[in-house]
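The values are calculated or read from the model by the stated rules, or taken from the named source; none is laboratory data. None of the values given here were measured: they were computed from a predicted structure. Because the Cβ atoms are built from the backbone with ideal geometry, glycine has one as well, and the counts that use them run over all protein chains shown. Accessible surface is based on the protein model in full, side chains and every heavy atom, while ligands, DNA and RNA are left aside. Shrake-Rupley method; radii C 1.70, N 1.55, O 1.52, S 1.80 Å.
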4 protein chains.
Amino acid sequence: MIKKKESLFELQKQVDEWINRYGGGYWNPLSMFSALIEEAGELARELNCQQGNKPKKSEKENVRIDEETGDLLFALICIANYFEIDLEQQLKKSLRKFAQRDKNRYKKTR
Amino acid sequence: MIKKKESLFELQKQVDEWINRYGGGYWNPLSMFSALIEEAGELARELNCQQGNKPKKSEKENVRIDEETGDLLFALICIANYFEIDLEQQLKKSLRKFAQRDKNRYKKTR
Amino acid sequence: MIKKKESLFELQKQVDEWINRYGGGYWNPLSMFSALIEEAGELARELNCQQGNKPKKSEKENVRIDEETGDLLFALICIANYFEIDLEQQLKKSLRKFAQRDKNRYKKTR
Amino acid sequence: MIKKKESLFELQKQVDEWINRYGGGYWNPLSMFSALIEEAGELARELNCQQGNKPKKSEKENVRIDEETGDLLFALICIANYFEIDLEQQLKKSLRKFAQRDKNRYKKTR
């Protein structure tokens with residue numbers, strides 16, 4: 001069975017439903033931001049174990065970079081939903097902005 | 001004209017094309033993570049101006065929370081792409097995990 | 001017995017001795033920065049439990065903001081030591097810079 | 001002239017005086033934490049330019065890792081002062097904790 005890929009917009013709606021059903025409503029923005037940094041910190045640890053100098057606690061410990069990216073995306077979508085931000089639209093704006101900003105920078109340095 | 005919403009998977013592919021065309025290829029993971037924290041720091045500043053105690057530099061300065069969420073999503077997708085992570089799948093795993101973990105917590109406290 | 005307070009410079013030296021004795025030497029800078037963000041994430045969680053909307057896992061769980069500030073300072077000193085930065089001197093530069101930058105900002109807004 | 005090094009405790013007091021004179025009092029804790037992440041983001045950018053894959057905007061741009069460590073220490077001291085935390089004491093607790101935790105880890109892996 002081929003699973004249909006969902007739009008980012010649809011995923012934002014699913015997080016919204018989740019927040020209202022399980023999460024007890026949105027937190028205030030600086031609380032949601034703290035939660036985002038908590039998730040960023042967990043991603044940092046996993047990246048540092050796999051790519052950096054941090055030793056794993058034990059041989060059996062699995063590095064879970066993939067799991068932490070999901071948690072971080074969840075935290076980001078919560079903030080976006082609170083401010084009614086369309087992440088697809090913003091991502092595309094960022095891509096256009098970076099293309100404009102970086103087009104000279106990379107030519108010079110590489 | 002109604003604009004078709006794109007899947008998160010499709011957006012990950014667009015970032016991949018962008019990285020190869022403009023960005024000079026993926027950076028190493030800890031460099032990409034540093035870039036993510038740089039974007040998180042810019043989001044922090046905007047949130048702090050609008051929601052917290054930080055004064056704006058001038059009256060004319062616009063708070064750009066929406067723009068910073070796009071930049072942060074870009075940085076996250078770069079890391080996910082590097083490790084070939086399907087963010088839609090991981091987000092759904094996170095939702096299931098949080099639902100399981102939080103279902104008792106919120107009943108007690110609210 | 002009155003305990004003599006130590007200089008920040010002396011504390012930087014103690015961290016240096018610690019790193020060479022127990023820590024196996026300094027990590028590379030982006031690994032040390034990831035460790036700093038891991039500690040910042042733990043501080044975020046504690047602040048969010050005490051000051052924000054995040055519920056504690058259980059009634060028995062103590063909020064350890066003080067412990068996390070120590071861990072974060074350790075991570076910062078590691079980076080400073082690696083680059084032979086005198087943190088006392090830099091802190092004083094920051095205080096002078098902020099005083100200059102903010103002296104007009106706060107008069108207007110408060 | 002030999003400049004006397006000041007204790008971390010004394011530096012915490014100087015930040016406290018600064019906050020009351022120029023800063024308009026302490027912000028709320030999650031605002032101060034956002035400011036800390038803003039500073040961490042600026043440190044990330046400088047480290048990434050010097051040690052990672054991020055290109056500098058121009059040849060003339062100086063990398064200011066030292067300046068950013070001062071700003072980050074300021075942000076951390078603000079949080080510590082708000083909660084009346086003695087950072088020297090906490091740093092020493094962290095050193096003891098890490099020594100205990102890591103003493104087996106590093107023997108095995110190196």
Exercise. Of the cross-linked pairs D:54/D:93; A:56/A:92; A:4/C:56; A:92/B:93; B:56/C:93, which ones have a Cα-Cα span greater than 31 Å in the structure shown?
Worked result: D:54/D:93; A:56/A:92; A:4/C:56
Seminar exercise, completed: HN-Hα couplings for the range A:26-31 via Karplus (6.51, -1.76, 1.60; θ = phi - 60°), in whole Hz with x for Gly/Pro, come out as 5, 7, 6, x, 6, 5
Exercise. What do you reckon, how do B:101, D:21, D:96 stack up by accessible area (1.4 Å probe), largest on top?
Worked result: D:21, D:96, B:101
Seminar exercise, completed: Taking Rh as the Kirkwood radius computed over alpha-carbon pairs of the range B:15-55 and applying Stokes-Einstein at 10 °C with viscosity 1.306 mPa s, one gets a diffusion coefficient in µm² s⁻¹ of 133 µm²/s
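Tell me, what is the FRET efficiency for residue C:92 and residue B:99 to the nearest 0.05, using R0 = 56 angstrom and their Cβ-Cβ distance as r?
Values: r = 50 Å, r/R0 = 0.89.
The formula returns an efficiency of 0.65 here.
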For this session: Taking the dipole about the Cα centre of the range D:28-99, with the C-beta of Lys and Arg at +1 and of Asp and Glu at -1, give me whichever of D:98, D:53, D:87 is farthest to the positive side.
Result: D:98
Seminar exercise, completed: Expressed in square angstrom to the nearest 10, the accessible area of residue A:22 with a 1.4 Å probe stands at 80 Å²
For this session: Using only the Cα atoms of the range D:28-99, construct the convex hull and provide its projected area averaged over every direction, in square nanometres to one decimal.
Result: 6.3 nm²
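List the accessible area buried at the contact between A and C, summed over both sides and calculated with a 1.4 Å probe, in Å² to the nearest 100. Write down the numbers at each step before the final one.
Numbers: alone 9180 and 9150 Å², together 17020 Å².
So the total buried area for this chain pair works out to about 1300 Å².
Only four residue types carry charge here, +1 at the Cβ of Lys and Arg and -1 at the Cβ of Asp and Glu. Report the dipole size of the range C:28-99 about the Cα centre in Debye, rounded to the nearest 20.
Details: 10 positive and 13 negative charges, 76 e Å.
Its charge dipole is roughly 360 debye.
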Problem set entry | Protein accessible area in the range C:28-99, 1.4 Å probe - carbon and sulfur % | 41 percent
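Could you please put A:33, A:74 in sequence from largest to smallest accessible area, using a 1.4 Å probe?
Numbers: A:33 0, A:74 25 Å².
Correct descending sequence by accessible area is A:74, A:33.
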